[in-house]
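Working notes for the structure below.
The values are calculated or read from the model by the stated rules, or taken from the named source; none is laboratory data. The shown structure was predicted, so the numbers you read here are calculated from the model rather than taken from an experiment. A quick note on method: Cβ atoms are made from the backbone with ideal geometry, for glycine too, and the neighbour counts reach across all protein chains shown.
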């Protein structure tokens with residue numbers, strides 16, 4: 001008697017077969033390549049991800065660090081850190097280059113994030129964007145959806161740079177990002193440098209909406225495990241996507257920051273994107289749930305009503321006029337995320353410093 005092993009078909013392949021694009025959210029070239037083999041058409045990275053890569057993949061990153069330090073004996077730790085970011089980004093972009101070439105430059109981008117320390121300076125963000133896009137033709141630039149970042153996004157777009165607006169959690173931020181991109185595209189067209197081969201990207205960090213309401217629940221003395229909270233980021237994502245379409249604004253909405261399977265399964269669509277961390281899409285790939293086009297399926301109105309009645313922070317996130325651009329930087333999720341990004345960059349510098357001191 002023989003026992004057959006039953007395996008679940010690849011859910012990420014099935015997602016691709018529906019016409020729903022997804023990316024690998026990781027700066028490790030091999031992980032990007034593995035995702036591309038299953039249909040992924042893009043990738044994302046940032047200094048936090050690179051810091052995590054140094055710790056979790058020492059066999060890849062440590063030899064690179066050692067060589068960079070050897071080749072640049074007078075470089076300071078920030079310079080070595082960015083040389084490492086550049087190297088990993090270049091290699092990851094190479095994994096995506098076949099997608100970029102096959103689609104005529106419409107897809108196959110690696111999004112690289114500007115230094116999180118530049119969040120108050122549009123000029124520094126734009127300057128670094130120019131540097132990063134010189135690494136490969138399929139590099140897009142991530143900058144935050146705060147007041148300074150939106151100025152930078154417009155300027156980058158005006159220069160023909162593919163952008164990916166990040167640190168975004170609210171419908172108001174998505175609308176403001178679309179408007180900034182539209183202004184930049186108008187200028188780019190006037191300057192003769194408009195790249196219309198594909199859409200720029202606007203990231204919505206679905207899980208961080210849930211996180212923000214979880215923190216708010218504790219502060220308000222509300223149960224942080226109330227079921228509606230798990231639908232908050234999904235609800236905001238669907239509303240943001242509808243607002244972009246209704247207003248005719250440019251930008252493809254890109255989901256990020258996963259906390260549970262619903263953040264993947266409930267927002268699958270042909271006109272949106274998902275950038276999924278490697279460990280998460282490996283789980284989703286074996287999910288018992290078969291992917292379906294769910295982006296147009298509304299969130300239970302009872303959840304929307306409960307969240308709106310309970311959390312002012314949900315109203316700020318969900319309503320198109322929930323916040324003004326001058327308020328984006330003070331929103332709890334923005335503050336928390338920028339702190340994490342800044343902390344992640346510090347972690348990367350600490351890791352680089354530790355290796356440098358071995359050679360002092």
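Here are the numbers for the structure shown:
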read-out	value
Number of the exception - residue 239 against (1) touching a residue at least 60 places away in the same chain (Cβ under 8 Å); (2) in a helix (DSSP H, G or I); (3) farther than 14 Å from residue 169 by Cα	(3)
Flag if residue 345 is crowded, with 16+ Cβ neighbours inside 10 Å and more than 17 Å from residue 228 (Cβ to Cβ)	yes
Residues (assigned to a helix (DSSP H, G or I) and without any contact (Cβ under 8 Å) to a residue 40 or more places away in the chain) located in the range 281-301	282, 283, 301
Yes/no for residue 143 being out of contact with any strand residue (DSSP E or B) (no Cβ under 6 Å at 6 or more places or on another chain), crowded, with 24+ Cβ neighbours inside 10 Å and free of Cβ contacts under 8 Å to residues at least 40 places away in the same chain	yes
Residue check for residue 53: over 30 Å from residue 151 (Cα atoms), buried (at least 16 other Cβ atoms within 10 Å of the Cβ), in contact with a helix residue (DSSP H, G or I) (Cβ under 8 Å, 6 or more places away or on another chain) and at pLDDT below 95	yes
Flag for residue 276 being assigned to a helix (DSSP H, G or I) and at pLDDT 95 or above	no
Unmet criterion (only one of (1) modelled with pLDDT of 95 or more; (2) surrounded by fewer than 19 Cβ atoms within 10 Å (Cβ to Cβ); (3) more than 21 Å from residue 202 (Cβ to Cβ); (4) touching a helix residue (DSSP H, G or I) at 6+ places or on another chain (Cβ under 9 Å)) for residue 106	(3)
So residue 68, is it buried (at least 19 other Cβ atoms within 10 Å of the Cβ), modelled with pLDDT of 90 or more and more than 30 Å from residue 200 (Cα to Cα)	yes
Any hit, the range 313-332, residues being surrounded by fewer than 17 Cβ atoms within 10 Å (Cβ to Cβ), within 24 Å of the chain's Cα centre (by Cα) and closer than 30 Å to residue 39 by Cα	no
The lone exception for residue 217 - which of (1) part of a helix (DSSP H, G or I); (2) farther than 27 Å from residue 151 by Cα; (3) touching a helix residue (DSSP H, G or I) at 6+ places or on another chain (Cβ under 6 Å) it fails	(3)
Flag if residue 266 is more than 30 Å from residue 80 (Cβ to Cβ), surrounded by fewer than 18 Cβ atoms within 10 Å (Cβ to Cβ) and at pLDDT 95 or above	no
Top-ranked residue of the range 203-236 - restricted to ones that are over 16 Å from residue 331 (Cβ atoms) and free of Cβ contacts under 8 Å to residues at least 60 places away in the same chain, ranked as surrounded by the most Cβ atoms within 10 Å (Cβ to Cβ)	230
Residue match in the range 194-201 (condition: in contact with a helix residue (DSSP H, G or I) (Cβ under 6 Å, 6 or more places away or on another chain) and either farther than 25 Å from residue 319 by Cα or crowded, with 23+ Cβ neighbours inside 10 Å (or both))	yes
Options 131, 155: the member that is in a helix (DSSP H, G or I), farther than 20 Å from residue 275 by Cα and without any contact (Cβ under 8 Å) to a residue 24 or more places away in the chain	131
Count - residues of the range 305-339 that are within 15 Å of residue 215 (Cβ to Cβ) and either outside any helix (DSSP H, G or I) or at pLDDT below 95 (or both)	2
Subset of the range 65-103 [touching a helix residue (DSSP H, G or I) at 6+ places or on another chain (Cβ under 6 Å) and farther than 23 Å from residue 166 by Cβ]	65, 68, 69, 77, 80
Enumeration of residues in the range 158-189 that are surrounded by 24 or more Cβ atoms within 10 Å (Cβ to Cβ), free of Cβ contacts under 8 Å to residues at least 40 places away in the same chain and either within 18 Å of residue 316 (Cα to Cα) or out of contact with any helix residue (DSSP H, G or I) (no Cβ under 8 Å at 6 or more places or on another chain) (or both)	168
